[in-house]
Amino acid sequence: MTAIFYILAGIMLAAACYVAVSRDIARAVFCFFGVLFAMAGLYIFALADFVAVTQILVYAGGVVVLMIFALMLTDKQLLENIRRGESSGPRLFRARALPSILLALAVFAVLLQVITAVDWGNMAWRHEAVAAGNRITGHENMVENVGVNLMTRYLLPFEVISVFLLAALIGAAYLARGRTNN
Amino acid sequence: MTSLIIVSVLAVAVLYLGLFKYKTALLPVSVTGLLAAAAMAAMDWDLEKMYFSEMMLFDNYAVAFSILLILTTLLIFGLSRNYFEKISNNVAEYYALMLFALAGGVVMVSFHNLAMLFIGIEILSISLYVLAGIRRKDPASNEASLKYFLMGAFATGFLLFGTALIYGATGSFNLAAIASSGAFESALFRAGVLLMMVGLSFKVSVAPFHTWTPDVYEGSPGLIAMFMATVVKTAGFAAFLRLFLMAFAEASAFWAITVAILCILTLFAGNITAVFQDRFKRLLAWSSVSHAGYLLLAILAVGFSASSAVLVYTIAYSLASVAAFGIMILVSRARGNDHLDSFNGLARTNPFLAFTLTLAVCSLAGIPLTAGFFGKFYVFKVALAQGYTWLVVLAVINAMIGIYYYFKVIIAMYMKENANAVAIQLNPGFRLVLSIVVFLIFLFGIFPGLIANIL
């Protein structure tokens, strides 16, 4: 089991690093697909099988395909120009990328500090949950659990998200409308 | 809660009006709906109602800020007659998107659960990404929209990351449960607070996460920039304070120093850069950054009537911003651009506009007898009560820098001449809204007790 986890995590990290440093957008998108797929595997390790399936359906199946479409419909000359501009400097790191590297290192430092400093097995709310029998053993029907929670405790966020989606839909329709009749 | 439902349904109703081409009905329906929403919000006063398994809490804090957001939107709608028609034929979408953004704002000031905070911020943000880019043929507007979207999406990532860590530390999204969890010492909780602070700082343009502000304000249409400076900033700070007041107040020893540093950075970045601006809209954008710094002072003083100070400050700031941005729109429309030289001789051609703008910038600068003075006064007072004397001294120095650049526009209006300036025509909506704003700035500047004791 542990071996599978490390294999998945390794695939994800390697692919993510390639996405970050790659100069070729098409290859980056395909590696991003790998990241999302390995991520779905990690969700299964966290007993979140519903999230894993959603991850594959929405991200691996939808978002990446959308990205590939966007790439195919983009002006080829434009991409060439970007690549030519990019390839004139040093290959891996350049001064322009310094702020982003610093930011990434700062976030990494925060996370590293969290990982080393927290006593994971000994958190108060975990003991309470175990004592109350409120925990997942891996044999429950998680989809039912998610559905019941969405319709009871998280009903209001669930409904308010429809306002969010409507606003996004109207915005997208407005921005994408034909330019001639405007 | 009823007001949130009314605002959301109103947005859909406005869309239907647009569908059936009742363009003249858009404004009256929106205004009536908003008045109803404000009235329904006022009915919740002192009731302290909890909704839907503690997702939202309509306490007096939520009611006061909801009413402020709704009334500010109402003032902006008063200025919007014949404004959006110049941009496009499809006017209903603007009203609908602004109403959706307002619905997000109402959620942000009344959440009692981190899930609701996230959804509220996202509803507000996604409507604004589109509104910033509504002038589709204008590259500056497109750039503003894209920049805002990318920065906003990035900030959302931090916010979500922080929310997840807080959940990991406390086992709950509920503000009351987080506050009583006793996990304030754990590294997980502290990292969560830090990341949420970064995410919220992006949204309210606190330095060093403010870099998007001037470009987005400049590229957006004037009324949308006004909406960002008033409604969005008020909602953002109300949410910021509500989160830190209701959930993280016990851990204030940990985050206070970070907020103090952010406050100093924001004050100096905003004020010093504003000195060098020669376009009024960019000047207002940088001054809005600096006002975020003053508001952070109040957040430092969590517990010591900070919410009252933030309410007074945001009321004063919103009123003055409506007037300043409104006159900026009029002048740049009549004279081609918003360069400070365009304001030359305005006192001779339009004494009313010159007087209103003078009052507005005096209020922004915090001159006595205007509402802005008491905004700064209460914020400084709560910070002093907490012992942040050195911080208040720095803030006062910044207020003096502020007076310098705000007075540049007054000097342009009263002391510089422009031989071929012609009087700017005002439509009744502008005249009414500006008169109301002048009256309220004076009223709250002379009788601050009217708003200082609400919360």
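Quick note: the coordinates plus some simple rules give every number you see, no bench work behind them. As the structure is a computational prediction, the values presented were derived from the model and not from experiment. Every residue, glycine among them, receives a Cβ derived from its backbone with ideal geometry; neighbour counts consider all protein chains shown.
Quick check: net charge around B:Ile451, other residues with Cβ under 15 Å of its Cβ, Lys/Arg +1 and Asp/Glu -1? Display every interim value, and only then the final one.
Values: positive: B:Lys376, B:Lys381; negative: none.
Result for the local shell: +2.
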*Scan around B:His339 for amide H atoms under 5 Å from its own, H built in the peptide plane at 1.01 Å from N, and keep only partners 5 or more places away or cross-chain.*
B:Phe280
*asked:* Taking 0.36 nm per residue of sequence separation and subtracting the Cα-Cα distance, how much length would be gained by fully extending the chain between A:Val51 and A:Phe108, in nm to one decimal?
replied: 18.0 nm
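When a/c reaches 1.5 or more, the comparison of a/b and b/c decides; with that in mind, is the stretch B:28-171 rounded, prolate or oblate per its Cα gyration tensor?
Numbers: a/c = 3.36, a/b = 1.21, b/c = 2.78.
Oblate.
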*Cut-off 14 Å between beta-carbons: net charge of the residues surrounding B:Asn271, Lys and Arg +1, Asp and Glu -1*: +3
*Over what distance in Å are the Cα centres of the stretch B:383-455 and the stretch A:144-179 separated?*
40 Å
*Virtual paramagnetic centre 7 Å along Cα→Cβ of A:Ala117, amide N under 16 Å, in the stretch B:214-255*: B:251-255
_Charge dipole of the stretch B:2-452 about the Cα centre (unit charges at C-beta), most positive-ward option of B:Phe189, B:Met50, B:Thr2_ = B:Thr2
*Per-residue mean of other chain beta-carbon atoms within 10 angstrom of the beta-carbon, peptide A:168-176?*
6
*Give a residue-ordered list of calculated ³J(HN,Hα) values for the stretch A:21-37 (Karplus: 6.51 cos²θ - 1.76 cosθ + 1.60, θ = phi - 60°; whole Hz; x for Gly, Pro).*
9, 5, 9, 10, 5, 4, 5, 4, 5, 5, 5, 4, 4, x, 4, 5, 5
*Under 18 Å from the 7 Å Cα→Cβ point of B:Tyr16, by amide nitrogen: which residues of the stretch A:151-179?*
A:163, A:166-167, A:170
*Would you please classify the overall shape of the protein assembly as shown from the alpha carbon gyration tensor, given that a ≥ b ≥ c denote the square roots of the eigenvalues, rounded means a/c under 1.5, and beyond that prolate means a/b larger than b/c while oblate covers the rest?*
prolate
*asked:* Taking amide H atoms as placed 1.01 Å from N in the peptide plane, list the residues 5 or more away in sequence, or in a different chain, whose amide H sits under 5 Å from that of B:Met56.
replied: B:Tyr51, B:His112
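Treating only the Cβ atoms of Lys and Arg (+1) and Asp and Glu (-1) as charged, compute the dipole magnitude of the protein assembly as shown about its Cα centre; round to the nearest 20 debye. Before the final figure, lay out the partial values.
Working: 37 positive and 28 negative charges, 378 e Å.
So the dipole magnitude of the protein assembly as shown works out to roughly 1820 debye.
Looking at the protein assembly as shown, how many pairs of lysines come closer than 14 Å at the Cα, when each pair is eight or more places apart or spans two chains? Working shown, then result.
On the way: B:Lys23/B:Lys86; B:Lys86/B:Lys137; B:Lys147/B:Lys203; B:Lys203/B:Lys233; B:Lys281/B:Lys408; B:Lys408/B:Lys416.
Lysine pairs, 8 or more places apart or on different chains, close enough: 6.
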*Cα gyration tensor, the stretch A:5-58 - rounded (a/c under 1.5), prolate or oblate*: oblate
*asked:* In whole Hz and in residue order, list the ³J(HN,Hα) couplings for the stretch A:139-144 that follow from phi through the Karplus curve 6.51 cos²θ - 1.76 cosθ + 1.60, θ = phi - 60°; x for Gly and Pro.
replied: 9, 7, 8, 5, 4, 4
_Going by amide H atoms built from the backbone, whose H comes under 5 Å of the H on B:Lys416, apart from near neighbours?_
B:Gly345
*Go through the stretch A:159-167 residue by residue and turn each phi into a ³J(HN,Hα) via Karplus (6.51, -1.76, 1.60, θ = phi - 60°); whole Hz please, and just put x for glycine and proline.*
6, 5, 4, 5, 4, 4, 5, 5, 4
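DSSP loop trypsin sites (Lys or Arg not before Pro) in the stretch B:137-216 with at most 13 other Cβ atoms within 10 Å of their Cβ, which ones? Working shown, then result.
Numbers: sites: B:Lys137, B:Lys147, B:Arg190, B:Lys203; in loops: B:Lys137.
When the trypsin sites (Lys or Arg not before Pro) of the stretch B:137-216 are filtered for loop state and at most 13 Cβ neighbours within 10 Å, B:Lys137 remain.
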